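Below is one structure, written out as structure tokens; the observations come after it.
Laboratory data are not the source of any read-out in this text; all were calculated from the coordinates shown. Predicted model only: the values in this text are computed from it and were never measured. Note that each Cβ is placed from the backbone with ideal geometry, even for glycine, and that neighbours are counted across all protein chains shown.
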Amino acid sequence: MPQTGNELINTDIFSKSGVSEGMSVGDLGCGNLGYFSIPAAKLVGRSGVVYAVDILKSVLEAVSHRASQEGLDNLKTVWSNLEIIGATKIPTESLDVAFLINILFQSDKDDLVLKETYRLVKPGGKLVVVDWLKISAPFGPPMDDRTDQKQITQFAVDAGFKLLEEFSAGPYHYGLLFIK
């Protein structure tokens, strides 16, 4: 089975972002495997909540099914277009941590995605962005679709976030940690 982009990320984003028991976490653009949503739901426990957000209803059904199979009733799926500010049905300023992992390359409105994310994150909350480096690779999105790390940082800062750290998220991905 071929690796997905998320399987190539070799950084523990959960410890980097401080995800722990009782937190409210948003996996924004979760993808159909719930690759980060499912482990996050286990980490936050019954007193926490994880919102798995995606624009595709079929993806959300798959994540919901997997969460149900694993007995995770603290994972909530949310159908939304992150490019529309105010569209995501998660309370404003409620997330302790938000993840944007391998989704910005799919959008041509990254600035709006980051503004919507800012709306959702509580003051003092964190944002982790992981996306494809602009390097040649035999897999992943076309080079023209990959996001520029400096531009993403600028969009996040313009939205109101403060950059805490740049980190390597594996040989094909960059990572950015922000705080609100």
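In this structure, the amide hydrogen of Ala98, modeled 1.01 Å from its nitrogen in the peptide plane, lies closer than 5 angstrom to those of Gly26, Lys126, Leu127, Val128, counting only residues at least 5 positions away or on a different chain. Taking a straight line from the alpha carbon of Lys134, these lysines sit under 20 Å away, with near neighbours fewer than eight places off in the same chain left out: Lys109, Lys150.
Under the definition of Cα pairs under 8 Å and six or more residues apart, what whole-number percent is the relative contact order of segment 126-180?
Details: 81 pairs, mean separation 25.2, N = 55.
Worked out over segment 126-180, it gives 46 percent.
In the chain, the calculated helix contribution to ellipticity at 222 nm averages -7500 deg cm²/dmol per residue, counting -39,500 (n - 2.57) for every DSSP H run with n ≥ 4.
For a distance above 19 Å, tell me the whole-number percent of Cα pairs in segment 18-179 that qualify. Counting every Cα pair in segment 18-179, those more than 19 Å apart make up 52 percent.
Based on Cα contacts under 8 Å between residues 6+ apart, the chain shows a relative contact order of 20 percent.
Using a cut-off of 13 Å between beta-carbons, work out the net charge of the residues near Leu176 (Lys and Arg +1, Asp and Glu -1, Leu176 not included). Walk me through the numbers before you get to the answer.
Numbers: positive: Lys16, Lys126, Lys150, Lys162; negative: Asp110, Asp131, Asp148, Glu165, Glu166.
Summing Lys/Arg as +1 and Asp/Glu as -1 gives -1.
Summary of the geometry: segment 39-79 and segment 117-135, compared by the centres of their Cα atoms, lie 19 Å apart.
Amide H contacts of Gly48 (H built 1.01 Å from N, in plane; Pro and chain starts excluded): Gly22 sit under 5 Å, all sequence-distant by 5 or more or on other chains.
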